[in-house]
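The values are calculated or read from the model by the stated rules, or taken from the named source; none is laboratory data. Computed from a prediction, not measured in an experiment: that's the story for all the values here. A quick note on method: Cβ atoms are made from the backbone with ideal geometry, for glycine too, and the neighbour counts reach across all protein chains shown.
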Amino acid sequence: MSERNDILKAMPIVDSHCHILPGIDDGAKSTEQTLGMLRIAESEGVTHIIATPHFKVNHKNASLETREKTLENVKALAKENNIDINLFLGNEVMFFNDIESVYEEKKICTMNGTHYLLTEFYPEDEFAKIRRGLEAIFELGLIPVLAHAERYTALRKSVTNTALLADMGVVISINASSVAGKAGFGTKLFVKKLIKEKIVSLISSDAHDDIKRAPVFADCIRSLSRIADEEYIKDILYNNAKEIFELTR
């Protein structure tokens, strides 16, 4: 087990859900905090980050130009501090009914310009609403990535509901902190079931700062090593994201 843990500890990680852009949403508050997040991520083995600022209808969302400029600033920050992390742009979009027009106006970003869109819903939304929303994203010619699937009451009621979404082609993403048990014992049991049935395709940090919600993965990997095989762990922490989001080194 010790040898296996060493192998997993040295494994590269793609963090495909991270609020690292400073001053954009409820994530990093400053360039200093972004730098702290970058340093933590590198120490955890993260090699790629997709910055996913929130986009919510009827909210004050940063413009695409601002998001792109801020990303370039963070890339420069990483380079200046000799942090070897590749950064890309996306959005975490709270689903809303008029998403088609906003997408056509190019106000929301897919994951690294691919056909994948990181999507979230309210935790209390009914399963039918979540399913209809995901179907609407498919109708746009996009593939939804469901952010923090473990948060939705309608999915937690039954692993079958989450499996149905995965069978539709939805990419199921969960948070590393939930795997590690930091979101409560019930959540940990639920994600354990999802992992054992290989319903999960991605694990991300959903980090917002460098203290309470930092981009850490070590405890998650330790938990994964007890319930999943090495190949699957590598897929959900690195291979799947690198491939589907077309991330270059």
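Restricting the first member to region 74-89 and to residues that are farther than 14 Å from ALA28 by Cβ, and the second to residues that are surrounded by 16 or more Cβ atoms within 10 Å (Cβ to Cβ) and of a type in the set (Lys, Arg), the beta-carbon pairs closer than 7 Å and six or more apart or on different chains are ILE83/ARG39; LEU89/ARG67. Considering region 16-32 alone, what residues qualify as being crowded, with 23+ Cβ neighbours inside 10 Å and outside any loop (DSSP other than H, G, I, E, B)? Across region 16-32, the qualifying residues are SER16, HIS17, CYS18.
What are the residues in region 66-100 that are aliphatic (A, V, I, L, M), out of contact with any Asp or Glu (no Cβ under 7 Å at 6 or more places or on another chain) and closer than 20 Å to GLY45 by Cβ, if any? Listed by number, the residues that qualify are VAL74, LEU77, ALA78, LEU87. Checked against the criterion of being among the hydrophobic types (A, V, I, L, M, F, W, C), under 30 Å from GLU104 (Cα atoms) and touching a helix residue (DSSP H, G or I) at 6+ places or on another chain (Cβ under 9 Å), the candidates ILE221, ILE203, ILE195 yield just one match: ILE203.
Candidates are the residues of region 114-131 that are touching a residue at least 40 places away in the same chain (Cβ under 8 Å) and more than 19 Å from GLU150 (Cβ to Cβ); the one that is surrounded by the fewest Cβ atoms within 10 Å (Cβ to Cβ) is THR114.
Restricting the search to region 199-213, which residues are buried (at least 17 other Cβ atoms within 10 Å of the Cβ) and of a type in the set (A, V, I, L, M)?
To start, the set of residues in region 199-213 that are buried (at least 17 other Cβ atoms within 10 Å of the Cβ) comprises 199-210, 213.
Once the filter is applied, which keeps residues that are buried (at least 17 other Cβ atoms within 10 Å of the Cβ) and of a type in the set (A, V, I, L, M), region 199-213 yields ILE199, VAL200, LEU202, ILE203, ALA207.
Annotation note: of GLY181, GLY133, GLY169, GLY141, the sole residue that is of a type outside the set (A, V, I, L, M, F, W, C), within 18 Å of ALA241 (Cβ to Cβ) and at pLDDT 95 or above is GLY169.
Please verify whether region 89-102 includes one or more residues that are over 26 Å from SER63 (Cα atoms) and either part of a helix (DSSP H, G or I) or at pLDDT 95 or above (or both). Talk me through it step by step, then tell me what you get.
Step one: filter region 89-102 for residues over 26 Å from SER63 (Cα atoms), giving none.
The answer is no, given that none of the residues of region 89-102 is over 26 Å from SER63 (Cα atoms) and either part of a helix (DSSP H, G or I) or at pLDDT 95 or above (or both).
When ILE85 is tested against (1) more than 18 Å from ASP15 (Cα to Cα); (2) out of contact with any Phe, Trp or Tyr (no Cβ under 6 Å at 6 or more places or on another chain); (3) buried (at least 17 other Cβ atoms within 10 Å of the Cβ); (4) of a type in the set (Val, Ile, Thr), only condition (1) is not met. Please determine whether any residue of region 39-58 is surrounded by fewer than 17 Cβ atoms within 10 Å (Cβ to Cβ), under 20 Å from VAL216 (Cβ atoms), among the small types (Gly, Ala, Ser) and free of Cβ contacts under 8 Å to residues at least 40 places away in the same chain. Checking region 39-58: at least one residue is surrounded by fewer than 17 Cβ atoms within 10 Å (Cβ to Cβ), under 20 Å from VAL216 (Cβ atoms), among the small types (Gly, Ala, Ser) and free of Cβ contacts under 8 Å to residues at least 40 places away in the same chain. Cβ-Cβ distances below 6 Å connect the following pairs, each with a first residue in region 173-186 that is touching a residue at least 60 places away in the same chain (Cβ under 8 Å), a second residue that is among the hydroxyl-bearing types (Ser, Thr, Tyr), and a separation of six or more residues or different chains: SER173/SER204. When region 226-245 is limited to residues that are without any contact (Cβ under 8 Å) to a residue 40 or more places away in the chain and among the acidic types (Asp, Glu), the one that is surrounded by the most Cβ atoms within 10 Å (Cβ to Cβ) turns out to be ASP235.
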